[in-house]
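Below: the structure, in structure tokens.
Please treat every number below as a calculation from the coordinates, not as lab data. In this text the structure is predicted, and so the values were computed from the model without any measurement. Quick reminder, even Gly has a Cβ in these numbers, built from the backbone with ideal geometry, and neighbours come from all protein chains shown.
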Amino acid sequence: TPSSGDIQLTEEAVRRYLTRKPMTTKDLLKKFQTKKTGLSSEQTVNVLAQILKRLNPDRKVVHDKMHFYLKE
Amino acid sequence: SSSEADEMAAAIEAELNDFI
């Protein structure tokens, strides 16, 4: 059975991931898949963009891809 | 699908780049 709502897309959850290791936007989207959060694609885009604006993580390019990360 | 994830990632990054 689908289990939407198992995982919540919150600022704290994103902060925890980005403190652990640099991630691309797609890496983050994999952590907060719509089927896990119960959000729509549009909601996911909007909420994640707002969270990233607030966190304003540092960026670095690894293997030609932009990664976000936060220092503890 | 992965192409949907690509589109979502592109939309987020576009919004962040406007912000900066």
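Got at least one residue in segment A:12-28 being part of a loop (DSSP other than H, G, I, E, B), surrounded by 16 or more Cβ atoms within 10 Å (Cβ to Cβ) and of a type outside the set (S, T, N, Q)? Before you say what the answer is, go through the steps one by one.
Initial filter on segment A:12-28 (part of a loop (DSSP other than H, G, I, E, B)): A:21-22, A:24.
Pick out the ones that are also surrounded by 16 or more Cβ atoms within 10 Å (Cβ to Cβ) and you get A:22, A:24.
So of that shortlist, the ones also of a type outside the set (S, T, N, Q) come out as A:22.
Scanning segment A:12-28 turns up at least one residue that is part of a loop (DSSP other than H, G, I, E, B), surrounded by 16 or more Cβ atoms within 10 Å (Cβ to Cβ) and of a type outside the set (S, T, N, Q).
Among all positions in segment A:51-71, there is no residue which is in a helix (DSSP H, G or I), farther than 24 Å from residue B:18 by Cβ, in contact (Cβ under 8 Å) with a residue 24 or more places away in the chain and more than 11 Å from every other protein chain (Cβ to nearest Cβ).
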